[in-house]
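A.B. asks: Quick one: the structure is below, and I'll ask about it shortly.
The values are calculated or read from the model by the stated rules, or taken from the named source; none is laboratory data. Just so we're clear, the structure is a prediction, and the values are computed from it rather than from any experiment. Neighbour counts run over all protein chains shown; Cβ positions are idealised from the backbone, glycine included. In case anyone asks, the SASA skips ligands and DNA or RNA and just uses the protein heavy atoms, side chains included. Shrake-Rupley method; radii C 1.70, N 1.55, O 1.52, S 1.80 Å.
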Amino acid sequence: MAKKNLKETGAKLNQQLRRRALGTLLARLDFLRSTLYNRFAMMIPTQLRWIVPFLESELGLTVPTFDEMVKKFRDEEVEEEIPPEVQEAMILEKKKTCLFLPQKYRKYNCLLDNPFNCKWTAKSVEKDNTVRYCVKCGFPAILAPERKIQGRKGRYEVQSFIGHRNEGRIYQGIQIPGQKPVIIKEYVLPKIKQGGYFNDEEIVERKLLFERLAGLKLSDGREIQDFRLITPYEAIADAREERCYIIIKQKTDQDPNFEALYKSPTLASYLDETGALNNYEVWRILNQVLQSLEFLHSQKFQYPDGSPLMGVIHGNITLESLLITFTFQGFFIYLSDFAVWENRFELPGTLTSNTSFIKDLNDLGTVAFYLLAGKQVDPETSELLDSQIDNNWGKDIDLELKKYVLNLMGLGLQSYNSSTEARQALLRLTLASQVLPDVEFSEVEEEEEPKKKKKIKFSRLLLYWLSGILGVGLLAFLIWFFGFRNRQEIEITPITLKCCIAEVAGIPQGKFKFTGEKNGTWNYIYNQKSLIIKDKSFQEEIIEKQPELNLEYLPENSPIEMLKKVKNREVSFTITSLIKDLEDEYDYQTFAYDGLVIFIPFSYAQRDDSLPRALKGKISLDQVRQIYTGEITNWSQLGGPELPMKLYLPPNDEAVALFEQKVLKEERYIKKFRELMTRENTINVRNNLPNIVRFDSSFQNLTNMIKDFEKQPKERIGGIGFDSLSKVFGQCSVYPLAIVENTINTVSPLLQTNNKKPISPQTDLCQKGSYIPNVKAFITQQYPLAYPVNVVYLKDNNQEPMGEKFAELLITEESQKMLFKTGLVPIQPLE
């Protein structure tokens, strides 16, 4: 008997190891497939990405999914197509017995009583991506691919719909610029006017609460992700529609799997797939979640609005809010969907249960009970399982673990007053058998049904999978190579801004210091008089409108020194555009956009040697690169007059660093450019070497450039320079050229006021008010040299949040209008 049991146990163990190894392999292959597919997709212009699924459908060329790979290589019976009337009957029967579906949107005539699960909310946008509501029932449709979402910290683009969880729908997206991956979760507040539940007042109230409370910050700056808590990077309330969004962002570059994590199965779906978990697996889940709750309940946090709180209640511990992700070391449980923001979208009149630290423990106990039982619902009564009925606990349950779970639920003989106490009790628990999970099949069963069970042929699997990847990769390349790349109008989702500077409350008391670059854009905007109103600077205007503001501005010579001052806490914050390689200890908020402009001497178009006319008002990034590395030294090389070139450098290091990032890009070009800079202010222009000059101010650059061009023909020099748009806007001594990117797309930094068309060499730039910045091109980064302007501060909640408050002041409508007058581009178009 003992030998037989040993043999059976060995067979079970072998089968389980094979099953788990296969699952891990397939999961990792699927993740790699997804990653490679996304990389290929990035090669295709955004406006043409719709062609990929279209051609995939037409040609039948697709990358196999995880489920398809499993089905293809397991000898499973092929299911016959089910008639529509039978499908409907099956759905209706499922609705009677399934309590997993939140049957809350009954006003909508949805077959599933759950529009989140209904395919029509997705089908509605397939033919027309401007559709906002389901064509069948009127429920808010899913977000179409390429939908843009504007937040305070950045701008985001929807790429694909993943699915729904709890109160929202989940999408894969990217942050623009930079193309960094993000996860977007969308929530809806269906209006009464569209047949929904919320009136306008309720929508406004819930949106305000959502933006105030959706997110957590640790007071000491440590990374929350170390404790397996998924929290928003940013919360956004849509100003136009009844929708809100949270953005889940990669915390560090060393966190490449965060997308896979957020798309990991919930414990609910995992339970549905595998059935009951064994004692040891449940013990491990309890240990991990209690460890997270112990941290969550005991630390000092801040909400996005700055409200402090000692310990945070999760309030929504369920099988749906706990995610499970697998590694070679086992699995990890992540906590998501906190009640403080999920509950903002409960229907009016819904009774929500009180939340508390103890309630988190009770809910975790309930989760553990369901995991041991293998289900949530009694199939006979269609009601939630009752833990007081012994038969509901499943088989081979460890009695000590059962007692512990009942205690955790608040139904046992002992109670726990904190997550720390509960975890200590768990760690003292000794299970009767800590072995791998039992399996429901054995080698004997395999012998009985040899035709239904076969080993996966891994060589065929890999061949099938790789052929799909290569096929789609080739398709992506062909579309990229042959496709038309005309840019489409990009929709900008507006955000709600506070009206006035005076409305911003909670200004920290006392005197605070901040910095910027001495010759940089902010120094010019903050101190230069008459940019907004005659004889007054932006500094004077903002202090007059917010008397509680007490700031001392201390400019530094370089961006490195600026950040060093912030790091050493010598200043509260700095204003900079250099955030590409920002260390993780810093945080920032974007309050405007600026951009580099490439400019040449302006002259009337009728002149024979007019450079703007000769260049047709545009220049390519490749040509600029060749000019600033010494490969092009005469305007005749670009089809212009026989004139030597002189290169003008901006006075501030920040603009030079941005030029290296956005124009030169490669190390070899940057090296040549820096070698040229060492010959700064030397007279080489007549010796076929470019003369490069740098004056103390942007104004001197502009005036000297036009003077060089207006000299006698034999002495005339055709200059070219670059600087921030805000430094060049509003003058007529130079002409800002349109930028040609990839030899096709041409974008001008300036538009004519009357017709919103790009300026041309015939435009009279000396006529003030006849042109404006190309606002949409800067916000959407269609203008390739655009960049955000940011308030940068430390992630240190022990300091007064002066940086955050100053950014809040700058993002009011009043400040945005003033900044626009200075030449900066607002974070959204102004009316």
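A.B. asks: Go through the residues of region 381-389 one by one and say whether even a single one is within 25 Å of SER292 (Cβ to Cβ), touching a strand residue (DSSP E or B) at 6+ places or on another chain (Cβ under 9 Å) and surrounded by fewer than 16 Cβ atoms within 10 Å (Cβ to Cβ).
C.D. replies: yes
A.B. asks: Then there is this: Among the residues of region 546-565, which ones are over 26 Å from GLY506 (Cβ atoms) and either part of a loop (DSSP other than H, G, I, E, B) or open to solvent by 50 Å² or more (accessible area, probe 1.4 Å) (or both)?
C.D. replies: Within region 546-565, PRO555, ASN557, SER558, ILE560, GLU561, LYS564 meet the criteria.
A.B. asks: Of all residues in region 532-545, which are open to solvent by less than 40 Å² (accessible area, probe 1.4 Å) and hydrophobic (A, V, I, L, M, F, W, C)?
C.D. replies: Of everything in region 532-545, those that are open to solvent by less than 40 Å² (accessible area, probe 1.4 Å) and hydrophobic (A, V, I, L, M, F, W, C) turn out to be ILE532, PHE538, ILE542.
A.B. asks: Sticking with this structure for a sec: Just the residues that are hydrophobic (A, V, I, L, M, F, W, C) and open to solvent by 50 Å² or more (accessible area, probe 1.4 Å), please, taken from region 146-195.
C.D. replies: PHE161, ILE162, ILE192
A.B. asks: List pairs: first in region 710-736 and open to solvent by 10 Å² or more (accessible area, probe 1.4 Å), second polar (S, T, N, Q), Cβ under 6 Å, 6+ apart or cross-chain?
C.D. replies: Short answer, once both residue conditions are applied: LYS727/SER698.
A.B. asks: Scan the helices (runs of 4 or more DSSP H) fully inside region 218-307 and keep the ones with 3 or more residues being at pLDDT below 75. I'd like the intermediate steps shown before the answer.
C.D. replies: Values: elements: 258-262, 267-274, 279-298.
By residue number, 258-262.
A.B. asks: Here's another thing I want to ask about it. Name the residue, out of ILE811, ILE772, ILE827, that is at pLDDT below 95 and buried (at least 24 other Cβ atoms within 10 Å of the Cβ).
C.D. replies: ILE827
A.B. asks: Return yes or no: is LEU765 hydrophobic (A, V, I, L, M, F, W, C) and either assigned to a strand (DSSP E or B) or surrounded by 23 or more Cβ atoms within 10 Å (Cβ to Cβ) (or both)? Step through it out loud before you land on a result.
C.D. replies: Details: hydrophobic (A, V, I, L, M, F, W, C): yes; either assigned to a strand (DSSP E or B) or surrounded by 23 or more Cβ atoms within 10 Å (Cβ to Cβ) (or both): no.
So LEU765 does not fit the description; no.
A.B. asks: Then there's this: Within the bounds of region 566-576, is there any residue that is in contact (Cβ under 8 Å) with a residue 40 or more places away in the chain, over 21 Å from GLU804 (Cβ atoms) and open to solvent by 70 Å² or more (accessible area, probe 1.4 Å)?
C.D. replies: No: region 566-576 contains no residue that is in contact (Cβ under 8 Å) with a residue 40 or more places away in the chain, over 21 Å from GLU804 (Cβ atoms) and open to solvent by 70 Å² or more (accessible area, probe 1.4 Å).
Let's see how each residue does on (1) among the β-branched types (Val, Ile, Thr); (2) open to solvent by less than 30 Å² (accessible area, probe 1.4 Å); (3) under 30 Å from PHE806 (Cα atoms):
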site: SER269; (1), (2), (3): no, no, no
site: GLU273; (1), (2), (3): no, no, no
site: VAL289; (1), (2), (3): yes, yes, no
site: HIS297; (1), (2), (3): no, yes, no
site: PRO308; (1), (2), (3): no, no, yes
site: THR318; (1), (2), (3): yes, no, no
site: ILE333; (1), (2), (3): yes, yes, no
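A.B. asks: Is one or more of the residues making up region 711-721 under 24 Å from LEU643 (Cβ atoms), at pLDDT below 90 and acidic (Asp, Glu)?
C.D. replies: The answer is yes; a qualifying residue exists.
A.B. asks: Which ones in region 396-419 are modelled with pLDDT of 90 or more, open to solvent by 50 Å² or more (accessible area, probe 1.4 Å) and touching a Ser or Thr at 6+ places or on another chain (Cβ under 9 Å)?
C.D. replies: Passing the criteria: GLU400, LEU411.
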